[in-house]
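Where a number appears in this text, it was derived from the coordinates with a stated rule and is not lab data. Only a predicted model underlies this, so the values are computations on that prediction, with no experimental measurement involved. Here Cβ is always computed from backbone atoms with ideal geometry, including for glycine, and neighbour counts include all displayed protein chains.
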Number of protein chains: 2
Amino acid sequence: MMCGMGRWEPDARDRLVRAALDLFDEQGYENTAVAQIAERAGLTKSTYFRHFKDKREVLFGGQDELVELLVKGIAGTPEPAGALKAVEGALVAIAVTFSEERRANGPRRLAVIAANDELRERDAMKMAGFSTVMQEALRQRGVPELDAAVAAELGIVALRVGYDRWLEVGGDFAEVARRALEEVRLAARDLEGAE
Amino acid sequence: MMCGMGRWEPDARDRLVRAALDLFDEQGYENTAVAQIAERAGLTKSTYFRHFKDKREVLFGGQDELVELLVKGIAGTPEPAGALKAVEGALVAIAVTFSEERRANGPRRLAVIAANDELRERDAMKMAGFSTVMQEALRQRGVPELDAAVAAELGIVALRVGYDRWLEVGGDFAEVARRALEEVRLAARDLEGAE
DNA sequence: CGAAGTGATGGGACTTGGTCTCATCAACCG
DNA sequence: CGGTTGATGAGACCAAGTCCCATCACTTCG
């Protein structure tokens with residue numbers, strides 16, 4: 001076998017994601033057992049854990065892809081640009097993953113996550129991972145440590161704000177994120193000194 | 001009983017914290033069972049979970065106190081001050097909790113957390129909680145949403161940087177944090193525009 | 001001084017997340 | 001047709017976390 005898609009029953013992973021989202025929506029995250037998710041997807045607990053490392057992960061798939069895009073977005077920004085411009089490149093780079101289907105499921109997913117501490121932890125961790133990765137990519141370009149940390153963190157703020165707006169209004173995520181980052185930049189620039 | 005301290009064997013909570021830190025240090029977090037922590041503290045699993053809501057929490061105690069201090073620090077900053085000045089007030093307010101004993105255990109605690117994903121998740125969540133709380137306290141003072149988010153997030157960056165330095169050099173945390181926040185502010189102000 | 005009450009603890013049953021190992025079964029390959 | 005591979009099923013097993021109830025030290029009140 002080599003065609004990369006000729007599975008058995010296709011889409012086991014997708015079926016698990018859909019089943020999980022439905023069940024979390026219907027009964028809540030904590031009242032849903034992994035075995036139940038697997039059952040609804042026509043699979044078993046064993047198979048679930050072969051596709052996802054834990055119960056939470058079914059809601060946070062595709063992180064690796066985003067990390068890769070973020071790094072490429074920063075590394076691929078032409079050189080005389082500043083740190084924030086590179087961060088903008090990162091946000092634009094991940095826009096390709098913001099599909100219409102993802103936007104449709106976005107609110108449901110957000111609601112499930114917001115309602116549960118475990119899931120909010122995982123979400124915080126995911127965002128922290130994005131920040132760390134961007135920070136490292138910035139340092140790779142010669143950006144000083146502290147500037148990299150600040151730029152990456154502001155990028156995360158813009159990502160959150162942009163994501164919320166994109167869920168509301170739709171359209172091209174790249175544009176929405178660009179605007180959000182510009183607003184964040186202005187807000188940061190105009191902060192009064194602590195002295 | 002009313003003196004607030006006349007327990008049975010005193011310091012059950014402290015004993016659990018110490019036992020946990022020792023065991024995590026010796027064998028690693030994942031190789032240590034809660035029952036084992038309790039045993040070394042001369043207690044049982046039941047009692048452990050009466051003091052801490054889960055296995056991680058033994059490393060993250062005192063968060064409620066910090067949250068309270070952060071809020072008071074922001075709310076208590078005299079009014080004509082800007083958002084970042086209020087954040088500085090928050091960082092200064094929590095300085096009272098940075099004792100010499102805490103500094104002694106800090107590196108060990110950091111090492112344990114850094115070595116484990118679960119613990120890094122909890123840490124990320126804790127920081128996100130600090131950020132949210134500061135953001136809300138800022139909005140309470142009339143700071144616009146986005147400015148509050150940016151100021152709070154920069155405060156978190158300064159908190160991390162300041163904490164690392166304080167572990168190294170010691171001294172008054174308030175001073176260290178103040179300097180870190182000022183550096184962060186300058187870094188944020190000097191970021192080149194994304195356009 | 002003894003009885004009832006209170007708060008922290010011990011003990012153990014129970015559910016579920018997560019790991020591990022082994023058997024199975026469909027597809028592919030020679 | 002027989003062997004290999006890769007995904008799955010099945011079930012044992014451990015530890016985290018919840019619950020419920022008994023216990024024991026200490027206090028308070030009669």
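Determine whether segment A:149-156 contains at least one residue that is within 9 Å of chain B (Cβ to nearest Cβ), within 18 Å of A:ALA188 (Cβ to Cβ), in contact with a helix residue (DSSP H, G or I) (Cβ under 8 Å, 6 or more places away or on another chain) and surrounded by fewer than 22 Cβ atoms within 10 Å (Cβ to Cβ). Among the residues of segment A:149-156, at least one is within 9 Å of chain B (Cβ to nearest Cβ), within 18 Å of A:ALA188 (Cβ to Cβ), in contact with a helix residue (DSSP H, G or I) (Cβ under 8 Å, 6 or more places away or on another chain) and surrounded by fewer than 22 Cβ atoms within 10 Å (Cβ to Cβ), which makes the answer yes. Tally up the residues in segment A:95-116 that are within 14 Å of chain B (Cβ to nearest Cβ) and surrounded by 14 or more Cβ atoms within 10 Å (Cβ to Cβ), please. Looking only at that region, the number is 2. Quick one: is B:ILE37 within 15 Å of DNA strand C (Cβ to nearest atom) and aliphatic (A, V, I, L, M)? Spelling it out, B:ILE37 is indeed within 15 Å of DNA strand C (Cβ to nearest atom) and aliphatic (A, V, I, L, M). In segment A:49-63, the residue that is nearest to the chain's Cα centre (by Cα) out of those that are assigned to a helix (DSSP H, G or I) and near DNA strand C (Cβ under 8 Å from one of its atoms) is A:GLU57. Scanning segment A:122-173 for residues that are within 17 Å of the chain's Cα centre (by Cα) and basic (Lys, Arg) gives A:ARG122, A:LYS126, A:ARG160, A:ARG165.
Tell me yes or no: at least one residue of segment A:46-60 is under 19 Å from A:TRP166 (Cβ atoms) and surrounded by 14 or more Cβ atoms within 10 Å (Cβ to Cβ). Among the residues of segment A:46-60, at least one is under 19 Å from A:TRP166 (Cβ atoms) and surrounded by 14 or more Cβ atoms within 10 Å (Cβ to Cβ), which makes the answer yes. Selection of segment B:173-183 for residues being away from every other protein chain (no Cβ under 12 Å), of a type outside the set (Phe, Trp, Tyr) and in contact with a helix residue (DSSP H, G or I) (Cβ under 6 Å, 6 or more places away or on another chain) yields B:ALA174, B:VAL176.
Yes or no, residue by residue, for (1) within 12 Å of another protein chain (Cβ to nearest Cβ); (2) touching a His at 6+ places or on another chain (Cβ under 7 Å); (3) in a helix (DSSP H, G or I):
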| site | (1), (2), (3) |
| --- | --- |
| B:GLY129 | yes, no, yes |
| B:GLN135 | yes, no, yes |
| B:VAL143 | yes, no, no |
| B:LEU159 | yes, no, yes |
| B:ASP164 | yes, no, yes |
| B:GLY171 | no, no, no |
| B:ARG185 | yes, no, yes |
| B:ALA188 | yes, no, yes |
